[in-house]
Amino acid sequence: MHRNPNYSFCPQCGGQMTHKLLKKGEPKRLVCSACEFVFYLDPKVAACVITEVENKIVILKRAIPPEIGKWVIPGGFVDVGETVPAAAARETLEEVRLHVEIGPLVGVYSYPDTPVVVIVYEAQVINGVVGAADEALEVDLVAPSEIPWERLAFTSTRQALRDYLRRHYPEV
């Protein structure tokens, strides 16, 4: 789903926003007709982890839109002032009750039809007992051969899991 919000009023002066081509080769930008403020519609960044407990991958069933009831890896949006790895660790604790140490990068995933850039890391569990917390209906531990591919929420989840499996479980 492509989200390109249409803002009507300037956040600086309240003037009317219009779409205007500022540079050849770039998309039209939202520009205030009164003060000429340019409102850049930048992507949001999400940080996720792939972690294992007892040689099984931790996944959670979403309790919030979009894709309620579908499975994902732990993750969520990065807050201003927070590093991407710190956000990945925070989201993992908030969603599946695990304290993790962030490891190598799995990949960075972006698509033209969504405003979210997803950054996925491997992570090792430091402590905690896996369980459903904020934004999770339930948590499951799945063997690499048992990933519910047809019930995963996002393209980035599928691609990150495939990249992870290629690295750690090439036989799957």
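For the range 40-55, filtering for residues that are surrounded by 15 or more Cβ atoms within 10 Å (Cβ to Cβ) and either aliphatic (A, V, I, L, M) or farther than 21 Å from TYR111 by Cα (or both) leaves 8. Scanning the range 139-157 for residues that are farther than 16 Å from ILE119 by Cβ, of a type outside the set (Phe, Trp, Tyr) and assigned to a helix (DSSP H, G or I) yields PRO144, SER145, GLU146, GLU150, ARG151. Looking at the range 94-111, which of its residues are within 15 Å of the chain's Cα centre (by Cα) and free of Cβ contacts under 8 Å to residues at least 40 places away in the same chain? Across the range 94-111, the qualifying residues are LEU105, VAL108. Just one of (1) surrounded by fewer than 13 Cβ atoms within 10 Å (Cβ to Cβ); (2) assigned to a loop (DSSP other than H, G, I, E, B) fails for ASP134. It is (1).
Within the range 3-62, the only residue that satisfies the criterion of being closer than 22 Å to ASP163 by Cβ, polar (S, T, N, Q) and in a strand (DSSP E or B) is THR51.
THR114 falls short on exactly one of the conditions (1) among the β-branched types (Val, Ile, Thr); (2) assigned to a loop (DSSP other than H, G, I, E, B); (3) modelled with pLDDT of 95 or more, and that condition is (3).
The values are calculated or read from the model by the stated rules, or taken from the named source; none is laboratory data. No experiment lies behind these values; they were computed from the predicted model shown. When we count neighbours, we look across all protein chains shown, and the Cβ atoms used for this are built from the backbone with ideal geometry, even at glycine.
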